[in-house]
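This report concerns only the one structure given below.
The values are calculated or read from the model by the stated rules, or taken from the named source; none is laboratory data. Just so it is clear, the model here is predicted, and its values are computed rather than measured. As a convention, Cβ positions derive from the backbone with ideal geometry for all residues, glycine included, and neighbour counts pool all protein chains shown. Side chains included, ligands, DNA and RNA excluded: accessible areas come from the protein's heavy atoms. Shrake-Rupley method; radii C 1.70, N 1.55, O 1.52, S 1.80 Å.
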Amino acid sequence: WLYNNFMFLTAGVIAERIAGQSWEDLVQNKIFDPLEMKQSKIHFTDFTATENKSKGYDYEDKKFNVKPYRNIDEMGPAGSIFSTSTDMLNWIQLLLNKGEFNGKKIISSEQIDWLTSPKMVMPPSDPMLKNPSYGLGWMNFIYNGKTIVSHGGNIDGFSAYVIMVPEEKIGMVILSNKNSSSIPELLGLYATD
């Protein structure tokens, strides 16, 4: 198992070719619009034009420093979406409700199961997390007897963690404006306790 952002980029390019439209239009039309994700942005210029946005920080030389925003539009599918916890919770609702949002079927439950179920064994990283594996963009493990589906990320002064306990229909989005922070994942696991 090896995590590779270039494979997310490749998946976006393949989706463009199959659908006959840009990855950005696919995300807008198939995800943002049906899920009412009105504050989410794909393009860097749209994000930077937004007035109410967080600054990202890193911690070096015993002080916090603002990290400049970086345009990664060229790597779009591998992390160029700017969102809010509120918008992301709509996405979590879709996943926990097996493809349904506000009473409307957006994607089949079979597709949701296929995306979130284990495909490859991962090396153990923490003795508290049992049977680590990877689905299609989702980490899977057993924590305190519960199946957890999650994914985290870090980029230029920001850290994020999405965690779901599907059998309990619980999902959380934890965002931090500190680079490479372990706090979002720790909070997610603590909240499942």
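Summary table
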item	result
Rounded accessible area per residue of the chain, 1.4 Å, Å²	61 Å²
Summed side-chain charge close to Gly56 - residues other than Gly56 whose Cβ falls under 12 Å, Lys, Arg +1, Asp, Glu -1	+3
Model label zone, Ala15; criterion: amide N under 12 Å from point 7 Å along Cα-to-beta-carbon; scope the stretch 55-89	76-81
Size-normalised alpha-carbon gyration radius of the stretch 48-109, reference 2.2 N^0.38 Å	1.59
Protein-only accessible surface order, largest first, of Val27, Val66 at 1.4 Å	Val66, Val27
Anisotropy class of the stretch 1-72 from Cα gyration tensor, a/c 1.5 cut	oblate
Spin-label pair Trp114/Thr48, simplified geometry with 7 Å Cα→Cβ offset, distance in nm	3.9 nm
Accessible area of Trp23 in the full protein assembly, 1.4 Å probe (Å², nearest 10)	30 Å²
Solvent-accessible surface ranking, highest first, for Trp138, Trp91 at 1.4 angstrom	Trp91, Trp138
Gap separating the Cα centres of the stretch 38-60 and the stretch 119-149, nearest whole Å	31 Å
Percentage relative contact order, the chain, counting C-alpha pairs under 8 Å, at least six apart	17 percent
Fraction in percent of alpha-carbon pairs per bin - 10 Å, the stretch 118-193	20, 52, 26, 1
Lys178, Lys105, ranked by accessible area, largest first (probe 1.4 Å)	Lys105, Lys178
Size of charge dipole - the stretch 83-147 - debye, nearest 20, with Cβ of Lys, Arg +1 and Asp, Glu -1, no other charges	100 debye
Debye intensity ratio I(q)/I(0), log10, the chain, q values 0.10, 0.17 Å⁻¹ (C-alpha model)	-0.43, -1.35
Amide proton proximity set for Ile72, modelled H, under 5 Å, gap of 5+	none
Most mobile listed residue (Asn71, Asn52, Asn97) in the chain, GNM with C-alpha springs under 10 Å	Asn52
Charged-residue dipole, Cβ positions (Lys, Arg, Asp, Glu), the chain about Cα centre, Debye nearest 20	180 debye
Accessible surface of Arg70 - all protein chains present, 1.4 Å probe, nearest 10 Å²	130 Å²
Charge dipole (the chain, unit charges on Cβ, about Cα centre) - positive-most of Ile148, Leu136, Ser54	Ile148
The stretch 1-86 - charge dipole about Cα centre, Lys and Arg +1 at Cβ, Asp and Glu -1, debye rounded to 20	280 debye
For the chain, with +1 on Lys and Arg beta carbons and -1 on Asp and Glu, the positive-most of Phe44, Val121, Ala15 along the dipole	Val121
Carbon + sulfur, % of accessible area of the chain - ligands and nucleic acids excluded, 1.4 Å	55 percent
